[in-house]
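Trainee: Got a structure for you, questions after.
The values are calculated or read from the model by the stated rules, or taken from the named source; none is laboratory data. These numbers come from a predicted model, not from an experiment. Neighbour counts run over all protein chains shown; Cβ positions are idealised from the backbone, glycine included. Just the protein is used for accessible areas: all its heavy atoms, side chains included, with ligands, DNA and RNA removed. Shrake-Rupley method; radii C 1.70, N 1.55, O 1.52, S 1.80 Å.
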Amino acid sequence: MARAKRVITIHVHDEREKEELLREIGRLRLPAFIYVHAKLNGLKINVQGTKDDIREAIGRIREIHNRVRAKLYPDKRGLYRYRIDDLLREAGTGVPTPILVKTLELLGERVELREGELVTSMPWEELVSLAKRLGGYLSDVSLQTTRQIREVVLPVAALKGLDPSEVIDLLVELGLAEWKEDKFKYELVKNKEQAMKGLLRHLEGEENED
């Protein structure tokens, strides 16, 4: 099949967008050959290959650019749009989505889920930092807890700045969780919503006393 060449120019708003776009393009695995030249206000991209390869490459580059912009700049509602896979890769962790969503809700952020995407008011760098922190909490308690208790413990630990083991101890003290000797795990006595409500009520009561 005859080979062809096409040059496209992508304009960016700032250096941050340019760097993020360069990094994402560098991760692409495409049949076409790509040469990228960084300019002052954008990228000049030389794409070589068959016409089909070029079409696929340019389509994927434009898709990535849209993702980068959705990640870096809020929409009219002040919300950013992130692919959950991108977030977890950047944070280097495998935090379950329900834990991430509940933590954002407790922190007072707006959050929506849309087919593998997280739409939220929290900016990218803050969200990556939060995901890393939750990932650390997860690795600390995953062996000794069930999934349901983790969905209570990790968001509250992040909200209140507590060690997750302290939150587990508090749940047990309040009669909301117990140690199961036969399973070698802590698990909730009540459902997640009741446990979360009781735990937050207790913590907020302590704060009011102070």
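Trainee: So, residue 57, is that one farther than 17 Å from residue 18 by Cα, open to solvent by less than 80 Å² (accessible area, probe 1.4 Å), among the hydrophobic types (A, V, I, L, M, F, W, C) and not in a strand (DSSP E or B) or not?
Mentor: yes
Trainee: Something else about it: Among the residues of the stretch 175-189, which ones are farther than 16 Å from residue 143 by Cβ and surrounded by fewer than 16 Cβ atoms within 10 Å (Cβ to Cβ)?
Mentor: 175, 178, 189
Trainee: Ok, one more. Counting just the residues of the stretch 142-157 that are surrounded by 22 or more Cβ atoms within 10 Å (Cβ to Cβ) and among the hydrophobic types (A, V, I, L, M, F, W, C), which one comes out nearest to residue 194 (Cα to Cα)?
Mentor: Top of the filtered list is 152.
Matching residues to (1) under 24 Å from residue 16 (Cβ atoms); (2) out of contact with any helix residue (DSSP H, G or I) (no Cβ under 6 Å at 6 or more places or on another chain):
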position	(1), (2)
102	no, no
121	yes, yes
149	no, yes
197	no, yes
201	no, yes
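Trainee: Follow-up. Considering only the stretch 10-40, how many residues are of a type outside the set (Gly, Ala, Ser), surrounded by 12 or more Cβ atoms within 10 Å (Cβ to Cβ) and outside any helix (DSSP H, G or I)?
Mentor: Selection size over the stretch 10-40: 9.
Trainee: Please determine whether any residue of the stretch 139-148 is closer than 30 Å to residue 181 by Cα and assigned to a strand (DSSP E or B).
Mentor: Yes, some residue in the stretch 139-148 is closer than 30 Å to residue 181 by Cα and assigned to a strand (DSSP E or B).
Trainee: For the stretch 4-16, does any single residue satisfy the condition of being among the charged types (D, E, K, R) and touching a Phe, Trp or Tyr at 6+ places or on another chain (Cβ under 7 Å)?
Mentor: no
Trainee: Restricting to the stretch 96-148, and then to whatever is free of Cβ contacts under 8 Å to residues at least 12 places away in the same chain and on the phi > 0 side of the Ramachandran plot, can you tell me which residue is nearest to the chain's Cα centre (by Cα)?
Mentor: That would be 115.
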